[in-house]
Structure formats: C-alpha cells, structure tokens
1. I'd like to check something: does the stretch 143-151 contain any residue that is more than 18 Å from residue 206 (Cα to Cα), of a type outside the set (Lys, Arg), crowded, with 18+ Cβ neighbours inside 10 Å and at pLDDT 95 or above?
2. So in the stretch 45-66, with the set limited to residues that are within 19 Å of residue 187 (Cα to Cα) and of a type in the set (D, E, K, R), which one is surrounded by the fewest Cβ atoms within 10 Å (Cβ to Cβ)?
3. Given the structure, is residue 165 over 19 Å from residue 203 (Cβ atoms) and either touching a helix residue (DSSP H, G or I) at 6+ places or on another chain (Cβ under 9 Å) or modelled with pLDDT of 95 or more (or both)?
4. Which ones in the stretch 21-58 are assigned to a loop (DSSP other than H, G, I, E, B) and of a type outside the set (Ser, Thr, Tyr)?
5. Among the residues of the stretch 110-119, is there at least one that is within 21 Å of residue 193 (Cα to Cα), within 21 Å of the chain's Cα centre (by Cα), hydrophobic (A, V, I, L, M, F, W, C) and buried (at least 21 other Cβ atoms within 10 Å of the Cβ)?
6. Report, by residue number, each residue of the stretch 59-97 that is over 20 Å from residue 126 (Cα atoms), in a loop (DSSP other than H, G, I, E, B) and either of a type in the set (A, V, I, L, M) or modelled with pLDDT of 90 or more (or both).
7. Out of the stretch 127-163, which residues are more than 18 Å from residue 212 (Cα to Cα), outside any loop (DSSP other than H, G, I, E, B) and in contact (Cβ under 8 Å) with a residue 60 or more places away in the chain?
8. Out of 216, 208, report the one residue that is assigned to a helix (DSSP H, G or I) and within 18 Å of the chain's Cα centre (by Cα).
Amino acid sequence: MLHLPPALNRAIGQALHEYRMLSDGDQVLVAVSGGVDSLVLAAILRLWRQKAPISYGLSAVYLDMGFDKDEGRRVGRQLEVTGVPFQVIRTSIGKDALAHTSTSTCFHCARNRRTALFNLARDMGCNKLALGHHKEDIIETFFLNLFYGGNLSTMLPKQELFKGNLAIIRPLAFLQKQEITELAELFGFAPVANPCPLTGSTKRQSIRTMMNTLYRQDPGLQSTIFAALGNVKPEYLLDQRLHGREARP
C-alpha cells in the first residue's frame, strides 16, 4: 500500500478529525474533474478506508459539462489505478451557461453543477459529497465573496445540507496546492485540460493571480489569512443584527 508523506497525512487526518467528516456506514461520492485535486482526493479516500477503523462506501463521478466528450474518459483512465468505481454523466450545463453569456456566467454554471451533484448524490444513496478544494481555494473564495458578493464568507471544510441528509466534505482543506501537486506526482496523476472557453479569464483566476503576488512578497501571508478565517470577531464587524439594530433597507 502506498504511504503518504507523514506531514501531509497528518494534515488530512486533522481535517477529517476536527470536522468529523467521515462516519461508519457513510456512502461517499467524490466529484472529480480534470484537475489533480479531485483525483488525489479519490485516491486518498481509498487509502484512508484501508486503514481507518470505520467502513464507508466510495464512488466517483465526473460531470461532462458539454464541451469535450473525451475528457471524462481521460479522467477515468487515471482513476482506474485507485480502484474507485467511476461513472461519467453527460450534461450541457457548461454550454447552456455560455449561451447566456454575462458577468455571472461562471456563477450560474457552478451553481447548476452543484445542483446536479446534489441530485446525483441523492439518487445514488450517498450522504457525503467529497470535493477536492484546498487551502488556497478557501482563501480565494473568501476574497471572491468580499470583492464581488459583498459578504464575509467562504467554503467550509464540512457543510451540512438538506436537514443533515447530505454533507459536503473537503478533506484536503488543510493542504496547499503545491502539496497536492506533490501527491499527484506520487500517485502518477496528470491534469486533464479544462475545455471551458473561459478558463484562465475568470474572477477566481484574477483573485488567484493577486494572491500569488502577495504570497511571493510575504511567504507567511497565506497561513495568516487562513488562520484569520477561523478567528472571527463578529463584534467588530458592521453586522447590525449583532448590535441590536435593524438593517437599513
């Protein structure tokens, strides 16, 4: 059995433990894409099941967004080495979103993809949906919501939905992108190019470029920001509901 580097194994275990992501009898659906993050996640959950004191079902799904019908097959070929059951679901979510191009195209595409995954999890009898988001994704989402959504929020390592019938889990939440890249090399995974025409020109990419510039200037900044997301002082924010005042219309 392949062994994970100890430091990365501890970080994954910490996220799983602190947020109680997995329980005995869970049915876990991993949403995979062409990126190595989700491929690594599927492989890790397969490895973790071999050594964990609990038992859970595990399967993976790739949503074809309607751009490249061969992409799912290329992703599936790489997943074969993990032994995780895998299926490709054909959709037109991406093409439909582009047909109504606007400043919110990516938002609507992501929302519809998420809804499709929720429905799939329900239909497959899965109570956990595992996503491959990592530390940088969580930070970028915070700044996306701050700059473009007008709110202070981000992704959660674990989020309960539908009265607890489904939970989103992000076991890679405490890992950096570079660490996941190292794991991808260990597993022999390579990214499959995203066929979306908007790739590289999204608001998220702009945020990512900005953050990478800041990280180069101050290498400790990423850890500080991530820690701040778990050290919230709501009494020092301008949320009028916290101070006994009604919000203005």
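The values are calculated or read from the model by the stated rules, or taken from the named source; none is laboratory data. Source: prediction; values computed, not measured. Here the Cβ positions follow ideal geometry from the backbone for every residue, glycine too, while neighbour counts run over all protein chains shown.
1. Looking only at the stretch 143-151, we keep the residues that are more than 18 Å from residue 206 (Cα to Cα), and these are 151.
Pick out the ones that are also of a type outside the set (Lys, Arg) and you get 151.
Within this subset, residues satisfying the condition of being crowded, with 18+ Cβ neighbours inside 10 Å are none.
The answer is no; no qualifying residue exists.
2. Looking at the filtered set, the residue picked out is 51.
3. Values: over 19 Å from residue 203 (Cβ atoms): yes; either touching a helix residue (DSSP H, G or I) at 6+ places or on another chain (Cβ under 9 Å) or modelled with pLDDT of 95 or more (or both): yes.
Answer is yes for this residue.
4. Initially, the stretch 21-58 is screened for residues assigned to a loop (DSSP other than H, G, I, E, B), giving 21-26, 33-35, 52-56.
21, 22, 24, 25, 26, 34, 35, 52, 53, 54 - these are the residues of the stretch 21-58 that are assigned to a loop (DSSP other than H, G, I, E, B) and of a type outside the set (Ser, Thr, Tyr).
5. No: zero hits.
6. 65
7. Matches in the stretch 127-163: 128, 129, 130, 158.
8. Details: 216 fails: within 18 Å of the chain's Cα centre (by Cα).
Being assigned to a helix (DSSP H, G or I) and within 18 Å of the chain's Cα centre (by Cα) holds for just one of 216, 208, which is 208.
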